[in-house]
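The values are calculated or read from the model by the stated rules, or taken from the named source; none is laboratory data. Everything numeric here is computed off the predicted structure, so don't read it as measured data. No Cβ is skipped: glycine too gets one built from the backbone with ideal geometry, and neighbour counts run over all protein chains shown.
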Amino acid sequence: MEASSRAALAVALERLDALTRDPSGLLGKARDRLTGQAGATTAEDQLALAEELFAVARLLTGQPSLRRALSDPSGKPEERAALAQRLFGARLSPVALDLVEVSVRQRWSRPLDLVEAAMTLATDAALDAADLRGELDGVEDELFRFGRIVTGDRELSRLLSDRTASAQGKTELLDRLLSGRVSPVTELLLRNVLTGSHAGTAGVAVERLSEVASRRRGQSVARVTTAVPLRPAQEQRLVDVLTRLYGRTIGLQVTVDPSVLGGLVVQVGDELIDGSIAHRLEAARRQLAG
């Protein structure tokens with residue numbers, strides 16, 4: 001996103017926080033009663049809000065003329081908000097409608113950024129629900145593990161990454177894979193992100209969701225590949241070393257892959273630390289060949 005869209009998204013996220021924050025104390029509750037401000041402060045409310053915002057994103061994705069009209073910088077903010085009210089007033093809850101109106105009042109660098117904003121708001125609302133349910137750690141782990149499954153299964157990755165495949169077909173596939181096996185939050189996130197025509201490569205989309213969940217926990221993610229499972233003490237030592245190295249809290253997502261032979265491959269963001277035996281053998285082979 002360019003600067004203007006990043007600023008617009010920040011405003012929308014701030015509004016989401018205001019609408020979903022549980023009013024504390026008598027003054028906060030009295031204020032909300034007096035202003036009549038709608039809110040979504042329970043996990044169930046926020047799951048429903050996330051579903052509504054994902055639906056808005058799907059509609060905007062499929063209607064280019066509509067997203068252009070709602071993000072047209074030549075129009076007045078109040079005109080765009082009035083258009084949103086006419087289109088969504090009878091279809092959305094007061095909280096979802098409030099967020100849509102706040103969003104369309106902002107200045108977006110390009111119409112597709114409005115779609116990305118709706119997706120971001122929906123994802124944040126879903127993770128808020130996971131936090132209230134005490135499931136944030138579990139949701140992050142489920143997203144990571146499903147991402148590993150998708151990456152490791154070429155046919156599954158192809159099916160979920162196919163932009164020409166029907167959303168209904170993808171939904172039915174995900175229902176078979178996920179129903180009753182993961183948190184409702186995980187299921188909602190994967191179903192809505194992976195059935196969109198803008199999803200791109202499925203493994204990458206799930207990885208991004210996992211990273212967002214990890215950041216919500218106040219952590220950066222280190223993706224660790226090892227030949228054998230790490231013992232808890234080894235994981236803790238690695239966390240300590242990486243935390244000191246990067247100057248921030250690091251969470252581990254560990255994948256066991258015998259092909260690395262030994263040692264570790266650690267990726268934090270775009271930085272790769274390859275200490276595997278396989279890497280060292282390959283380096284030695286290249287040196288000998290040269």
Exercise for the section: Assess whether R67 counts as being assigned by TED's automatic domain parsing to the domain that holds E52, surrounded by 23 or more Cβ atoms within 10 Å (Cβ to Cβ) and part of a helix (DSSP H, G or I). Expected result: yes
Practice task
With respect to A57, determine if the residue is under 25 Å from D17 (Cβ atoms), free of Cβ contacts under 8 Å to residues at least 60 places away in the same chain and either in the same structural domain as N192 (by TED's automatic domain parsing) or part of a helix (DSSP H, G or I) (or both).
Solution key: no
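Conditions (1) closer than 21 Å to A122 by Cβ; (2) in a helix (DSSP H, G or I); (3) not assigned by TED's automatic domain parsing to the domain that holds T42, marked per residue:
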| position | (1), (2), (3) |
| --- | --- |
| T151 | no, yes, yes |
| E155 | no, yes, yes |
| L159 | no, yes, yes |
| R181 | no, no, yes |
| V185 | yes, yes, yes |
| L188 | yes, yes, yes |
| N192 | yes, yes, yes |
| G196 | yes, no, yes |
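Scan the range 124-141 and tell me whether some residue there is outside any helix (DSSP H, G or I) and closer than 23 Å to T195 by Cα. It would help to see each step written out before you state the result.
Initially, the range 124-141 is screened for residues outside any helix (DSSP H, G or I), giving 133-135.
Right, trim to closer than 23 Å to T195 by Cα and you get none.
No: zero hits.
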Problem - Filter result (surrounded by 24 or more Cβ atoms within 10 Å (Cβ to Cβ) and of a type in the set (G, A, S)) within the range 95-146 - result: A96, S103, A117, A118, A122, A125, A126, A129, A130
Practice task
All but one of (1) surrounded by 12 or more Cβ atoms within 10 Å (Cβ to Cβ); (2) out of contact with any helix residue (DSSP H, G or I) (no Cβ under 6 Å at 6 or more places or on another chain) hold for R154, so report the exception by its number.
Solution key: (1)
Practice task
State whether one or more residues within the range 85-92 are over 19 Å from L9 (Cβ atoms), crowded, with 17+ Cβ neighbours inside 10 Å, in contact (Cβ under 8 Å) with a residue 12 or more places away in the chain and out of contact with any Leu (no Cβ under 8 Å at 6 or more places or on another chain).
Solution key: yes
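Quick test for you: out of V239, V206, V221, V185, pick the one residue that is hydrophobic (A, V, I, L, M, F, W, C), crowded, with 20+ Cβ neighbours inside 10 Å and modelled with pLDDT under 85. Even if it seems obvious, please write down each step before you answer.
Details: V239 fails: crowded, with 20+ Cβ neighbours inside 10 Å; V206 fails: modelled with pLDDT under 85; V185 fails: modelled with pLDDT under 85.
Only one candidate qualifies: V221.
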Exercise for the section: Would you point out the residue of the range 70-80, among those that are over 26 Å from the mean Cα position of the chain (by Cα) and in a helix (DSSP H, G or I), that is surrounded by the fewest Cβ atoms within 10 Å (Cβ to Cβ)? Expected result: E78
Completion exercise
Over the range 161-176, the set of residues charged (D, E, K, R) and either under 27 Å from V224 (Cβ atoms) or part of a helix (DSSP H, G or I) (or both) is K170, E172, D175, R176
